[in-house]
Amino acid sequence: MKFTLSFLLLALFAALCLAAAPQKQVIISYPEDTPQYILDQAKAEIIKAVRGMVEHEFSLIKGFVAKLSTKAMETVQALGSSNGVLIEEDQTVHTT
């Protein structure tokens, strides 16, 4: 009984910690001449981050949509700073 209660408290604590890291959906794009390994590095960092995921990869431009934490976003920004990475929040666009 004591073990079960301890396990449940630990599981609850872990769930709260994961929920505390806010996630943002962003579009990450690079200039046309950026080497592919730079994009692969960024995607690997996103996947390695807690709950980070690449949701869509573009075929016409060098870029992808990802859901990631602020810390992972800072890492991707630092990795791509010399290559002109552009990170912008994914938003719904309406036409009139």
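The values are calculated or read from the model by the stated rules, or taken from the named source; none is laboratory data. All values reported here derive from a predicted model rather than from experimental measurement. The protein model used for the area step is the full one, side chains on, heavy atoms only, and it has no ligands, DNA or RNA in it. Shrake-Rupley method; radii C 1.70, N 1.55, O 1.52, S 1.80 Å.
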Please find, within the range 80-96, the residue that is nearest to Gln25 (Cα to Cα) out of those that are open to solvent by 60 Å² or more (accessible area, probe 1.4 Å) and not in a loop (DSSP other than H, G, I, E, B). Glu89
Which one is least open to solvent (accessible area, probe 1.4 Å), of the residues in the range 42-63 that are within 10 Å of the chain's Cα centre (by Cα) and within 18 Å of Glu32 (Cα to Cα)? Ala42
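Which residues, taken from the range 30-41, are under 14 Å from Ala78 (Cα atoms) and either open to solvent by less than 50 Å² (accessible area, probe 1.4 Å) or in a loop (DSSP other than H, G, I, E, B) (or both)? Explain how you work it out, then say what you get.
At the first step, the residues of the range 30-41 found to be under 14 Å from Ala78 (Cα atoms) are 30, 38-39, 41.
Passing the criteria: Tyr30, Ile38, Leu39.
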